[in-house]
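All remarks here apply to the structure that follows.
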Amino acid sequence: MTINRVERSRRAVSPLRSFAIATLMIGGVAMAASPIVAQGIRSTAHYVETRDGTRIAVDINLPVGREGSRYPALFELTRYGRSHEHPTTGEKIPSLGPLDRFFLDNGYAVVKVDARGSGASFGSRSVEYGPDEVRDAYDVVEWAVGQPWSDGNVGAYGTSYSGTTAELLAAVGHPAVKAVIPGWSDFDTYVSPVRPYGMLASSFMRLWGSFVGWMDENNVERLGRSIRRADEDADGSLLAAALGEHEANADVFETVVGSEFRDDAVGEGHTWDALAPIYWKDEIEASGVPMLVLTSWLDAGTADGTLLRFRHFDNPQSVVLMATNHGGGAAASPFRVSDTPVAPTPSTDEQANLRLQFFDHHLKGADNGVDQWAPLRYWMLGEEAFRESDVWPPHGVRTRTLHFRAGGSLAGEPGTVDTDDYAVDPAVSTGSNNRWMTQMGEPVLRLDDRAAMDARMLTYTTAPMSEPVDLAGTPVVRLRLATDRSDGAVFVYLEDVAPDGRSRYLTEGGLRLVHRKTVENPHFDEGVPYHSFARVDAQPVTPGEMMEVDFQLWPIAAVIAEGHRLRVAIAGADANTFDLLPADGATTLGVSRGGDDGSRIELPVVER
């Protein structure tokens, strides 16, 4: 189901209003568009026509004072607005942050591109990361490398959406593309962030959908800024025409609501499978383009996507897996962070230098040691330091199974068979600063003391560790579970419990119960339960009937110190993030334990 904004009165934008916004009428006179020369940068705005005739808005940002020089071009392909104008004065506002200016200062051109159907670009967008949007990048690169300022070498970088489009640039097969840096990017969009666990996260998707909707319609009242026009668009008529085409854009939130299953049609006959880098694997691999990938253990499902790519794409890759919020601006480890943001490791300056070194090596031929970097550097929670590996999971990882036992214990041997009933507390939550809401730029906070919340969940806890235990990989939980309703959800949290009783969040997993069927992974052999989330594989839930509910948690690397304990906490809700299922939240889960086939968790333990 696709619902465009014209069909929704709250989003509708008339052509007259679009024109009024686009031309920034000040005293009845439209402000003229023009290049910007300020702060050591010359910025010009252009339209580039793609092979299907769609005009794409592109900003070229060049250092001033180096006239006649040629530069490698670093692209950011975004749907968040390549640059803006002041809504009353018409002053141009290039969207150049510290990282962009850092690249400019170090001899790169920075090219900002509005994805089709967004910003000042023409066209409409029925989906995000659609095939036409991906292929547009080839035509923009082709135009850019023919400009007199270009030295013919292209890279791409970005965070979140533009991190994903940076990777997708490798899929278009343009020979000028020499290196890309996906940061905190999506890999399999249905799994993260569209419908994690097969669930609907209305709070996040509605917020994000409203935000991009305002941008697509150039809602000056909401955003406090206007879209920057191309330099050729002096009277704003071209922007007005582009905004008119945006009126056919799909409403993001309604699209997600209307596509409950992975195989449901979205947009113009697409499914979620086709709207992610995982779909473009063959093309990305064929490019041979090297990648520097930046991501975090505590940022939605981005670490999982990063490690799948690392294991199964043969492009040269350097991965830095941190414990930060989305975008790397703040630390996120519950061993460092409580209720106040803390500076990240590596620092934002160090992250910028990593990017620069990577581009210098691949676009300028610098012999700067990048080819000696470890393939994977990953942060160990609890140890609070990086380790290095050439494989994932690291060498020496073995599976250790811990069984749920009577009295809420967790141990290596199964106990007697019985069932623990848990009346779901619908207010249980990981808070408003969790791994999901950080995708809207929030810091990750208050995951360092979960004891009060644990008391409202069903928990199983080990004895204190007699020696440190290293975890590195993807935990798998195998539940034998019943519910008294015809559908529901289960969330499982893995926690570190200190001797003083303080429990810290390590990772989580979850599943809507109708998705419990496991099938062969069509993409990769990962050795963990795989759920298609397809309508054809959905299984009805019979109240009171015991079910096998097996699923992975998000991957993690952590040290459980001597004297600390591991805890598995089970809930039926995450109130600040996921919609309740069932909607009234009134349900009881029965967890069967004991015996060889009772509920248990399989942990990736590194042998010491």
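Every number in this text was worked out from the coordinates using simple rules, so none of it is lab data. The structure displayed is predicted, hence computed values, not measured ones. Here the Cβ is made from the backbone with ideal geometry for all residues, glycine too, and neighbour counts use every protein chain on show.
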message: Going by Cα centres, region 246-312 and region 187-217 are how many Å apart?
response: 12 Å
- line: Yeah, region 489-551 with a ≥ b ≥ c from its alpha-carbon gyration tensor (a/c under 1.5 is rounded, else prolate when a/b outruns b/c, oblate otherwise) is oblate
- request: Note down the net charge around LEU223, summing +1 for each Lys or Arg and -1 for each Asp or Glu among other residues with Cβ under 12 Å from its Cβ.
  value: -2
message: Give the separation of the Cα centroids, region 41-60 to region 477-538, in Å.
response: 45 Å
statement: Note to self: Kirkwood Rh of the chain, Cα pairs, one decimal, Å, is 25.3 Å
task: Give the shape of region 5-283 as rounded, prolate or oblate, defined through the alpha-carbon gyration tensor: a ≥ b ≥ c are the square roots of its eigenvalues, a/c under 1.5 means rounded, and otherwise the shape is prolate if a/b is larger than b/c and oblate if not.
output: oblate
- line: With 0.36 nm assigned to each residue of separation and the Cα-Cα distance removed, GLU388 to ALA423 gains 8.3 nm
- request: Quick one: grab the alpha carbon gyration tensor of region 425-524, order the square roots of its eigenvalues as a ≥ b ≥ c, and give me rounded if a/c is under 1.5, else prolate or oblate depending on whether a/b is larger than b/c.
  value: rounded
- prompt: What percent does the relative contact order of the chain come to when contacts are Cα pairs within less than 8 Å and at least six residues apart?
  reply: 15 percent
- prompt: What's the exposure ranking of THR88, THR165, THR587, going from fewest to most Cβ atoms within 10 Å?
  reply: THR88, THR587, THR165
Footprinting exposure proxy for TYR422, TYR190 (fewest neighbouring C-beta atoms within 10 Å first): TYR422, TYR190
message: Between GLU526 and GLN372, what is the label-point separation in nm under the 7 Å Cα-to-beta-carbon projection?
response: 3.5 nm
- line: At the level of C-alpha centres, the distance separating region 429-472 and region 350-415, in angstrom, is 20 Å
In order through region 178-189: 3J(HN,Hα) via Karplus (6.51 cos²θ - 1.76 cosθ + 1.60), integer Hz, x for Gly, Pro: 10, 6, 9, 10, x, x, 6, 9, 7, 10, 10, 5
field: Nearest-ten-degree value, helix 202-216 long axis tilted from longest Cα axis of the chain
entry: 0 degrees
field: D_trans [Stokes-Einstein, Kirkwood Rh over alpha-carbon pairs] for region 57-170, 20 °C, 1.002 mPa s, µm² s⁻¹
entry: 147 µm²/s
query: How far apart, in nm, are the 7 Å Cα→Cβ label points at GLN39 and ALA451?
result: 4.8 nm
- line: Extension length gain for HIS395 and SER69 (0.36 nm per residue less Cα distance), in nm, is 112.6 nm
statement: Lys and Arg at +1, Asp and Glu at -1: neighbours of GLN552 with Cβ under 10 Å from its Cβ sum to -4
statement: Computed from the beta carbon distance with a Förster radius of 41 Å, FRET efficiency for VAL536 and GLU413 to the nearest 0.05 stands at 0.55
- prompt: Counting Lys +1, Arg +1, Asp -1, Glu -1, what net charge surrounds PRO72 among other residues with beta carbon under 15 Å of its beta carbon?
  reply: 0
- prompt: How are the Cα pair distances of region 397-606 distributed, in percent, across 10 Å bins from 0?
  reply: 8, 34, 39, 17, 1
message: Test of understanding: ordering LEU589, LEU376 by Cβ neighbours within 10 Å, fewest first, what list do you get?
response: LEU376, LEU589
